[in-house]
Each structure stands twice: as structure tokens, then as C-alpha cells.
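The next block holds one structure in the form of C-alpha cells; read it before the comments.
The values are calculated or read from the model by the stated rules, or taken from the named source; none is laboratory data. Computed from a predicted model, the values in this text were never measured in an experiment. For neighbour counting, all protein chains shown are included, and Cβ atoms are generated from backbone atoms with ideal geometry for every residue, glycine included. Just so you know, the surface numbers come from the protein's heavy atoms only, side chains and all, with ligands and any DNA or RNA stripped out. Shrake-Rupley method; radii C 1.70, N 1.55, O 1.52, S 1.80 Å.
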Amino acid sequence: MPKIAVTRWIPDDAVKVLAEAGEVAVSELDRPLTGDELREFVAGADAVVGMLHDRLDGALADAAGPGLKVVANVAVGYDNVDVPALAGRGVVVTNTPGVLTDATADLAFGLLLAVTRRIGEGERLLRSRTPWSFHLGFLLGSGLQGKTLGIVGFGQIGRAVAKRAEAFGMSIVHSGRSKPGSVPFEELLARSDVVSLHCPLTPETRHLIDAAALRAMKPSAYLVNTTRGPVVDEAALADALEAGEIAGAALDVFEKEPDVEPRLLGRDDVVLSPHLGSATVETRTAMAVLAARNVAAVLAGRPPLTEVKP
Ligand code: DGY
């Protein structure tokens, strides 16, 4: 029976798929495993189902041993996976594209609304029992109709966000790798009222939003990040907000996740959520089931549904 190591809790539907393919061991620790724990946990595994907080690399493959055939990352992003190192050892790598597009786009748009309409700030005011009354000038936000949304990375999620923005009367500009209609990144920054990030984290996109990029945005503009934290230089973002270089930011992901730059935590012009982009029951189940089907396919000698090629 092949051994399948799952590094953290996954929904039952996915465990059922895995259980038909092999003997399943799910980590019982309700936290990310340390590197040493991870390597110990996967020893002897034929398949590893990993999370975005796990470093899935050559050392992990070596710890698993020569029987390792597949590493299934339960995420569409795979910046935590050393794909060349695994592929070089003959290990198939898979991710979970497609199934989380709408959930992530919904959350991105929810954050966009929350930051432009000051929803978190209003909620905090009520919960702190601060006296208030209706006033024409009270907690005014910024309307979206007629405004421009700049989408950085016009893949499936970026396009799904564009669809939502169009329904709100926004016009779209986008930049990204040679997508038809893309504008240069600098032009996108200068024209956008909201900049929403949907590019993967790669060496090229690490700190794509740095001090210079923030300075290039309109002082009235907002930044939304639902992709990977390190795409934004969080210290530079805090500086830019303090200097009034942009109007606000909404972040679902963080540079040193789960930590958040302390200067952002105290700011009313910042909306924060704890990496919830794909966090619906339906979507997280679909992601885990897709990962499980990928494992089952490879263990049965079939090609996986969604392979990441080096
Ligand atoms: C992903 O899939 O990459 C998200 O960040 C988690 O859903």
C-alpha cells in the first residue's frame, strides 16, 4: 500500500479520495511543521500533500526517500515548492489552479470595498462604543464608479476581479507578462485609483511594490494584495501610508506570514485579513480534493490533472 503523508488537516472528502489510493497519515499538530518535523513526518512516503506554509524541496524529497512519486501542493501558488529540485529527482509536482478563482476574486473585491468604503474602521468605531450620529461628512470613503482598477497579473484570478470591477462601473487597466492589451507597469501605477495584485511570487515580483512603485501611485489610490505577501515591501508600504503617498491598503497576505508589519496594525487606512482568499467551505474542499485526485492519479501511474512543470 503506498504511503501518503498529509502535512496538515484536510477536509474529509479529500481524505476519502486518498484513502482509496493508499495508507494516509495526516499530521495531528494544529500548526505548520518545522523543517525537521516535516522531514521526519514524510520519511518513507510515496506521496506528500503539502500546504503553502511547507517548504517542499529537495531536502524533503531526500527525507521521504526513493519511493516518493508526487508532491501535491494544496494551493495554486507554488513559490514554496522547489519544482526543479523535485522534478530532478523524478517527483511529479501538482498545484490547484482553477478551483479557487472565484473565491479569491470575491475576497479581493471585498477587501477593495472594505478599504475604499472604510468598513473596518466603521466597525471598530461601533465595537469600541464610540458615540456617533449620522452626519453628511462622517467616515466618507471613495466611490468606485468611473474609477480605474489596475490589475497586476492578468491570469484567471486577475480577470475574475476585472469582471467584478466592471459590474461596479470601473474601467480596467492591466499589466503582466505579454497579455494582449497590457500597459506598462509604470503606466498602470500612475493611472489606477485602485491597484490589485494577482501576479505569482517569483524572483521578479518579490518587492514589485516597493517605495518607488508606491510613490508612482496617486495619493488618492489604494493597494489590494491577495496574492503573496513578499510581492509588497511592507515596510515601504507603512512609510508610504505615513507619508500620505497613497490613501490606503487592504492585505490578505503578508511578507513574513503570519506576522504583520507592526506599523500597519495600528492604521485605520489599512484593512487586514488572515490569508482568506480561498477560504470558503466549497473552495477549500475543492482544492484538497483536486490535490488528492492528483496524488491518486500519479500513484495509479496516470498523469495528474494539474501538474506544475519545471
Ligand atoms: C493559493 O492557492 O495559492 C492561495 O494563496 C491559498 O488558497
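For region 182-193, does any single residue satisfy the condition of being surrounded by fewer than 14 Cβ atoms within 10 Å (Cβ to Cβ) and polar (S, T, N, Q)?
No: zero hits.
Could you tell me which residue of region 269-285 is surrounded by the most Cβ atoms within 10 Å (Cβ to Cβ), considering only residues that are in a helix (DSSP H, G or I) and more than 16 Å from the chain's Cα centre (by Cα)?
It comes out as THR285.
In this structure, does ASP30 turn out to be open to solvent by 10 Å² or more (accessible area, probe 1.4 Å), of a type outside the set (Lys, Arg), modelled with pLDDT under 95 and more than 18 Å from VAL298 (Cβ to Cβ)?
On the way: open to solvent by 10 Å² or more (accessible area, probe 1.4 Å): yes; of a type outside the set (Lys, Arg): yes; modelled with pLDDT under 95: yes; more than 18 Å from VAL298 (Cβ to Cβ): yes.
For ASP30, the condition - open to solvent by 10 Å² or more (accessible area, probe 1.4 Å), of a type outside the set (Lys, Arg), modelled with pLDDT under 95 and more than 18 Å from VAL298 (Cβ to Cβ) - is met.
Take region 266-285 and flag every residue that is under 17 Å from ASN95 (Cα atoms) and either within 11 Å of the ligand (Cβ to nearest atom) or among the basic types (Lys, Arg) (or both).
GLY277, SER278, ALA279, THR283, ARG284
Restricting attention to region 1-15, and to residues there that are touching a residue at least 24 places away in the same chain (Cβ under 8 Å) and not β-branched (Val, Ile, Thr), which single residue is most open to solvent (accessible area, probe 1.4 Å)? Please lay out each step first, then the result.
Looking only at region 1-15, we keep the residues that are touching a residue at least 24 places away in the same chain (Cβ under 8 Å), and these are 2-8, 10-11, 13-15.
Now narrow it down to the ones that are not β-branched (Val, Ile, Thr): 2-3, 5, 8, 11, 13-14.
Numbers: PRO2: 39, LYS3: 96, ALA5: 5, ARG8: 56, PRO11: 19, ASP13: 80, ALA14: 0 Å².
It comes out as LYS3.
Just to check your reading of the model, which residue among ALA235, ALA249 is modelled with pLDDT of 95 or more, out of contact with any Leu (no Cβ under 7 Å at 6 or more places or on another chain) and more than 16 Å from the ligand (Cβ to nearest atom)?
Working: ALA249 fails: out of contact with any Leu (no Cβ under 7 Å at 6 or more places or on another chain).
Sole residue among the options that is modelled with pLDDT of 95 or more, out of contact with any Leu (no Cβ under 7 Å at 6 or more places or on another chain) and more than 16 Å from the ligand (Cβ to nearest atom): ALA235.
Which one of these is in contact with a helix residue (DSSP H, G or I) (Cβ under 7 Å, 6 or more places away or on another chain), of a type in the set (A, V, I, L, M) and open to solvent by 10 Å² or more (accessible area, probe 1.4 Å): VAL48, VAL99? Quick ask: steps written out before the conclusion?
Details: VAL48 fails: open to solvent by 10 Å² or more (accessible area, probe 1.4 Å).
Unique residue meeting the criteria: VAL99.
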